[in-house]
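See structure below.
The values are calculated or read from the model by the stated rules, or taken from the named source; none is laboratory data. Every value quoted in this text rests on a predicted model; they were computed, and no experiment measured them. For neighbour counting, all protein chains shown are included, and Cβ atoms are generated from backbone atoms with ideal geometry for every residue, glycine included. Side chains included, ligands, DNA and RNA excluded: accessible areas come from the protein's heavy atoms. Shrake-Rupley method; radii C 1.70, N 1.55, O 1.52, S 1.80 Å.
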Amino acid sequence: MTDTQHTPGPRGTDSGDSTAEGNPVASAPAGVRTAGDVVTDELVAQLTEGVLGSGRTSSHTPFTGKKLAELPESTLEDVAFAFHRAREAQREWAAVPVRERAAVLLRFHDLVLRRQDEVLDLIQLETGKTRLHAHEEVQAVAVAARHYGLKAPAYLRPKRHTGAIPVLTKVSEHRHPRGVVAQIAPWNYPFELSVGDALPAFAAGNAVVMKPDTETALTALWARRLLIEAGLPENVWQVVLGEGHIVGPAVVERGDYVSFTGSTRTGRGVAQKAAERLVGASLELGGKNAMIVLRDADLNKAAAGAVRGSFSSAGQLCISIERLYVHESVADEFVRRFVERTKRLKLGSALAYGADMGSLVSQKQLDNVTRHIEEAVAKGAKVLAGGRARPDVGPLFHEPTILDGVESPMAVCSEETFGPVVSVYRFADEDEAVELANSTAYGLNASVWGRNGRHAREVAARLRSGTVNVNEGYAAAYGSVQSPMGGMGDSGLGRRHGSEGILKYTEAQTVAHQRVMPMAPSFGMNDSKYAKFMSLSLKALKALRFR
């Protein structure tokens, strides 16, 4: 994934007559809301209440490039005081029984679903997404809130283990909160990757100091106010805003644990800072995710899945598909169907359902997409669909693009594009497909399509990727929150979701109570007799299969 800090640019330059052909534009329904209707001075004042910052900064909407809100900008002193506040509040929060902490998440779940239109407007305005893609964030947050609201007591309950000497050694494992979690949240999924990642930290008894991207801060701040309404003590969640290269390191340097989502380059620096202080870190980083279409795949379903997997949120999704490997026997027919579907996608910016793909979030993202396409074409690749910016729709819109004939010297072959661009490749057998899919330093997400589910799962298990979806692009694995989600290789460290997603925010403590007989010669035994007794005991424990 690209760096977390971004700035919107001016209106994109036209690359030809963008209205002559290309993807259609979705018409806005009558009476649809505008940015001014949604982001009022009163709303901004409510959301920023309690946010430390003596300076001022601004956020913008990618739909038009215009200013969306004026926000407080935190200084380094503000960051230090935010941690002071959070540490004081965390001690009291950790003393609250886990079931009561979990109940806050369940109330939050209900509030999110009841008031989802509020946050859908903010997500769209801050990221440029379509409403349906914004709703994916609502779904993900609701699922995480429900899961940890119901499962946190079981995950955190003290567990009994077999001791060194069964019966005589009574052992229990306890889980204690780490303290204050430092969280750096990205711009591309400002609801799910802010509060969604913070929920298990809160359930485990931690406080959080979060630095969201300034351009998408309103969404995170809305989530904070709603969680406070659900019962979270206000100072348990602190938000600081400002330039990423200034405020970000200050947050990382003070946390008792670090949660980071962003680029691999920045993630390496975050990991080094955490390691210097001997604190843990979880990092979800970049991806160059592959989709494999087997020879027995349902081509209609695979083509529809490739559209969703490649162009959701305009490709600005860490787990979106950027490399598409198709068996040579079905490649031509698959590509025909995929191109046809892609060309029909409607672009749009209305705060309403109806558009299929929205805007890129910044000039930097648009420039990267343009660079990858232009370099590939100059070196011999062919554009099968899209390939152009669409300033007629908005300053940062770009058509969903399919490339063929991409080869390894081209940047788009190996670099993460993080935009609506996918390259098609052909393979002769499954061993080749697996080798090609694994030929990257990344390992975040992958997808395999085939009618024989058992065989497709066998192929999936051979892929070097933290999550693999069968007959789905990314949502099946990500939405299965009882299972871990994260990356291998350059795609990061640690996991979100499931037991790992909450236990990472805790310190494990073993309490061992030795009863009757000490772990030393006793009952008149000398050293030799004790050694013989323990040797016989160890053999017996193996025979009885004590683990």
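If one computes P(r) from the Cα atoms of the range 94-168, what percent of pairs lie at distances over 17 Å?
58
Please report the net charge: other residues with Cβ closer than 15 Å to the Cβ of Leu113, K and R +1, D and E -1.
-3
As a test of reading the structure, rank Asp110, Asp296 by solvent-accessible area (1.4 Å probe, protein chains only), most first.
Asp110, Asp296
With all protein chains present and a 1.4 Å probe, how do Met517, Met534 order by accessible area, largest first? Please report the intermediate quantities before stating the final value.
On the way: Met517 15, Met534 40 Å².
Listed by decreasing accessible area, they come as Met534, Met517.
Compute the distance in nm between two label points, each set 7 Å from the Cα along the Cα-to-Cβ direction, one at Asp296 and one at Ala45.
With each label placed 7 Å out from Cα toward Cβ, I get 6.5 nm.
For the chain, give the percent of accessible area contributed by carbon and sulfur heavy atoms, probe 1.4 Å, rounded to a whole number.
Carbon plus sulfur share of accessible area: 52 percent.
Using only the alpha carbons of the range 163-314, what is the convex hull's orientation-averaged projected area in square nanometres?
Working: hull surface 60.0 nm².
Computed as one quarter of the Cα hull surface, the answer is 15.0 nm².
Normalise the Cα radius of gyration of the range 502-547 by 2.2 N^0.38 Å (N = residues in it) and let me know the number.
1.69
Express the relative contact order of the chain as a whole percentage, based on alpha carbon pairs under 8 Å and six or more residues apart in sequence. Intermediate values should be presented prior to the final figure.
Details: 1219 pairs, mean separation 108.2, N = 547.
Value for the chain: 20 percent.
Which of the peptides 460-466, 102-108 is most tightly packed, and how do the rest follow, going by the mean number of other Cβ atoms within 10 Å of each residue? All intermediate terms of the calculation are to be shown ahead of the outcome.
Values: 460-466: 18.9, 102-108: 20.9.
Descending packing order for the listed peptides: 102-108, 460-466.
Could you tell me the extents of the chain's C-alpha atoms along the three principal axes, largest first, rounded to whole Å?
97, 60, 39 Å, listed from the longest principal axis down.
Enumerate the lysines that Lys529 could reach by cross-link, defined here as Cα to Cα under 30 Å, with residues fewer than 8 away along the same chain left out.
Counting by Cα, and skipping residues close in sequence, Lys529 has these lysines nearby: Lys170, Lys539, Lys542.
Tell me the per residue accessible area of the chain using a 1.4 Å probe; a whole number in Å² is fine. Mind dumping the intermediate values first?
On the way: 22560 Å² over 547 residues.
For the chain, the solvent-accessible area averages 41 Å² per residue.
Show me, for the range 207-219, the HN-Hα J-couplings you get by feeding each phi into the Karplus relation (A = 6.51, B = -1.76, C = 1.60, θ = phi - 60°), rounded to Hz, glycine and proline as x.
Calculated HN-Hα couplings, in order: 9, 9, 10, 10, 10, x, 5, 4, 5, 10, 6, 4, 5 Hz.
Quote the accessible area belonging to Lys66 in square angstrom, nearest 10, computed with a 1.4 Å probe and with ligands, DNA and RNA left uncounted.
Lys66 exposes around 140 Å² with every protein chain in place.
For the range 468-539, would you read off the P(r) tail past 14 Å as a percentage of all alpha carbon pairs? Before the final figure, lay out the partial values.
Numbers: 1918 of 2556 pairs.
Everything past 14 Å amounts to 75 percent.
Among Lys301, Lys288, what's the order by accessible area (1.4 angstrom probe), most exposed first?
On the way: Lys301 135, Lys288 5 Å².
Largest accessible area first, the list is Lys301, Lys288.
Once Rh for the range 51-198 is found with the Kirkwood sum over Cα pairs, what is the Stokes-Einstein diffusion coefficient at 10 °C and 1.306 mPa s, in µm²/s?
After rounding, the answer is 86 µm²/s.
So what's the range 134-252 giving for Rg/Rh, alpha carbon basis, Kirkwood Rh from the mean inverse pair distance?
Working: Rg = 17.5 Å, Rh = 15.8 Å.
Across the range 134-252, the Cα-based Rg/Rh ratio is 1.10.
Largest first and in whole Å, give the semi-axes of the range 17-109's equivalent ellipsoid, each being the square root of 5 times a Cα gyration tensor eigenvalue. Don't jump to the answer; show the numbers that get you there.
Working: eigenvalues 304, 94, 36 Å².
Ellipsoid half-lengths, sorted descending, are 39, 22, 13 Å.
Need one value: the accessible area of Arg426 in square angstrom, 1.4 angstrom probe, rounded to the nearest 10.
90
If packing is taken as the average number of other Cβ atoms within 10 Å across a peptide's residues, how do 40-48, 404-412 rank, most packed first?
Listed from highest to lowest mean packing, they are 404-412, 40-48.
Kindly flag which residue pairs out of Lys129/Lys364; Lys129/Lys504; Lys129/Lys343 have an alpha-carbon separation exceeding 20 Å in this structure.
Lys129/Lys504
Please work out how much length the chain gains when fully extended from Lys542 to Ala508, using 0.36 nm per residue of separation minus the C-alpha to C-alpha distance, in nm with one decimal.
9.6 nm
Please calculate the 1.4 Å probe accessible area of Glu435, with all protein chains present, and give it to the nearest 10 Å².
So the heavy atoms of Glu435 present about 130 Å² to solvent.
Evaluate the Debye formula for the range 331-476 with equal point scatterers sitting on the alpha carbons, no solvent, and hand back log10 of I(q)/I(0) at q = 0.16 Å⁻¹, in q order, two decimals.
-1.01
Can you give the convex hull volume per residue for the Cα atoms of the range 251-378, as a whole number of Å³? Intermediate values should be presented prior to the final figure.
Details: hull volume 22.0 nm³, N = 128.
Per residue, the Cα convex hull of the range 251-378 comes to 172 Å³.
Distance from the Cα centre of the range 313-339 to that of the range 158-234, in angstrom?
Computed from Cα coordinates, the inter-centre distance equals 36 Å.
Provide, for q = 0.11, 0.14, 0.16 Å⁻¹, the log10 of I(q)/I(0) from a solvent-free Debye sum over equal Cα point scatterers in the range 415-485.
Rounded to two decimals, the profile gives -0.28, -0.46, -0.61.
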